[in-house]
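A.B. asks: Dropping a structure here in structure tokens format, bear with me for questions.
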Amino acid sequence: MLSLRHAGRRLPVLSRALSHQASRAVSATTSTSSHESTAFSPEWGWMGMAAIVSTLGAASAACKAQPEPAKEVEHDVVLDHEAKGVFSTPIAGIKSYSCASYKANLPIEDRFAVHADKHTVYAAIFDGHGGWQVAEYAQNHLIENAKAELAKESAQTVTKIESALEQAFLRTDFDLKEIVRGAFQLGFGQVNRVGACSMLAYVTDNLLVIANAGDERAVLGSFENDNLIAIPMSNDHNAKLPVEMARLAREHPGEDNIVVCKHPESCYVKGGLQPTRALGDFAFKDVDFNAPAAPTRRGGGRHIAPPYTPPYVLAKPEVQTHTVTGADKFLILGSDGVWDFLTNQEAVEIVHHYVSRGEAHLASRAVVELVLAKVAEVRGMDIEDLLEVAPGKPRRRLHDDTTVVVLVFS
């Protein structure tokens with residue numbers, strides 16, 4: 001059982017949020033101005049913490065006064081990658097960003113990127129599978145390809161922007177395929193099974209565009225009638241979803257094994273891959289990359305048995321647009337390691353807590369810490385024991401790589 005005592009020592013950012021909101025929630029009920037008398041007891045377990053997480057929005061609405069930003073604290077959660085920044089003058093309505101990654105795999109297979117120019121902010125996350133290589137290639141090339149495609153259009157209408165981002169994904173995927181083709185032909189077969197779910201956020205003026213190929217998720221934190229709400233800005237692309245099952249069955253009639261499910265939450269395209277859109281994964285896209293059924297040499301890659309009618313997995317992203325208004329406060333991009341354990345609303349509540357306190361630089365870390373707290377609860381572990389599990393197979397059995405990017409609107 002996860003106690004606040006342990007959370008405070010090992011997840012200090014999350015502990016501060018929960019303690020502060022507990023005080024505000026109880027004081028709003030009892031009409032007392034003292035916060036000290038309503039702090040968590042060390043004996044309160046995770047169920048008490050979860051109850052407070054669910055009151056974050058209501059408590060913040062009940063108390064308008066904002067406390068002074070807390071001082072920086074030392075963190076025992078060692079992030080694999082962390083980045084943050086504040087724009088002296090907001091760019092495309094964005095005033096700051098924060099990014100955080102925590103590994104399960106060894107090495108971590110997630111990547112992220114944030115780029116800004118004079119009028120535009122790009123943010124991206126890449127959730128690798130089968131290895132880190134495609135995620136890193138996309139990290140280095142997708143945004144640059146998006147810039148190149150956008151530069152081809154003099155008048156950038158919404159339709160042209162959407163088309164340019166789609167082409168950036170397709171170009172990145174094509175270029176990568178040509179790079180690894182020679183390696184596959186030489187016998188390095190495993191290059192056909194490496195891929196990366198990829199998401200790109202493009203912000204310019206009052207326009208937000210999300211291009212997604214995979215099961216990452218983008219969520220907008222906004223206010224509606226003084227209530228903080230989570231607005232989904234993407235759809236998950238996963239073989240377990242009925243809409244994806246239907247698409248695959250429609251495009252590949254007669255293939256009874258088009259989706260193979262171990263259980264309702266664990267379904268695989270042709271028995272081998274959960275995401276239905278991604279960069280890489282060329283065994284699922286091109287007959288030239290289907291490895292032999294019985295390779296005679298080491299290094300053989302994935303073989304998909306007949307009937308085999310690729311492509312099954314798409315590199316083309318699904319694109320959604322949104323006109324940014326004053327009600328929109330921040331955007332969260334998260335790999336599926338986040339959404340395995342958090343609801344959209346839980347994520348926006350914890351981010352809003354830090355943004356509203358003037359501590360937006362801690363927002364991404366706080367989401368990661370909340371994920372870890374939820375993992376500990378679900379697995380029936382103490383948080384300290386969870387953090388001591390070795391990365392690689394032991395930790396991956398408990399949770400996935402977890403990556404968060406938060407963009408804060410001015």
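A.B. asks: Taking square-rooted eigenvalues a ≥ b ≥ c of the alpha carbon gyration tensor, is region 234-287 rounded, prolate or oblate, where a/c under 1.5 means rounded and, failing that, a/b exceeding b/c means prolate?
C.D. replies: Rounded.
A.B. asks: List the lysines whose alpha-carbon lies under 25 Å from that of K160, not counting same-chain residues fewer than 8 positions away?
C.D. replies: Straight-line reach from K160, under 25 Å: K118, K147, K152, K316.
A.B. asks: Considering all projection directions equally, how large on average is the shadow of the alpha-carbon convex hull of region 151-219, in square nanometres? Can you show the working numbers first?
C.D. replies: On the way: hull surface 23.5 nm².
Mean shadow area of the hull around the Cα atoms is 5.9 nm².
A.B. asks: Which order, highest average first, do 138-146, 363-371, 252-260, 94-102 follow once you tally other Cβ atoms within 10 Å for each residue and take the mean per peptide?
C.D. replies: Details: 138-146: 20.9, 363-371: 26.9, 252-260: 14.7, 94-102: 23.6.
The densest-packed peptide leads the list: 363-371, 94-102, 138-146, 252-260.
A.B. asks: Rounded if a/c is under 1.5, else prolate if a/b is larger than b/c, else oblate: which is region 166-273, with a ≥ b ≥ c the root eigenvalues of its Cα gyration tensor?
C.D. replies: oblate
A.B. asks: For a test of the definition: using alpha carbon positions, the gyration tensor, and the 1.5 limit on a/c, classify region 71-191 as rounded, prolate or oblate.
C.D. replies: Oblate is the answer for region 71-191, as a/c is 1.5 or above yet b/c matches or exceeds a/b.
A.B. asks: To continue, here is another question. For L207, enumerate residues with amide H under 5 Å from its amide H, sequence gap 5+ or separate chain, H modeled in the peptide plane.
C.D. replies: V324
A.B. asks: Using modelled amide H (1.01 Å from N, peptide plane; none on Pro or chain starts), what sits under 5 Å from the amide H of D80, excluding residues fewer than 5 places away?
C.D. replies: Here the answer is S101, Y102, K103, since their amide H atoms fall under 5 Å of that of D80.
A.B. asks: Further question: Once phi is turned into ³J(HN,Hα) by the Karplus curve 6.51 cos²θ - 1.76 cosθ + 1.60 with θ = phi - 60°, what whole-Hz value does each residue of region 319-331 show in order, with x for glycine and proline?
C.D. replies: The phi angles translate into 10, 10, 10, 8, 8, 6, 10, x, 6, 8, 9, 6, 10 Hz.
Throughout, read-outs are computed from the coordinates displayed, never taken from laboratory work. This is a predicted model, so every value here is computed, not measured. No Cβ is skipped: glycine too gets one built from the backbone with ideal geometry, and neighbour counts run over all protein chains shown.
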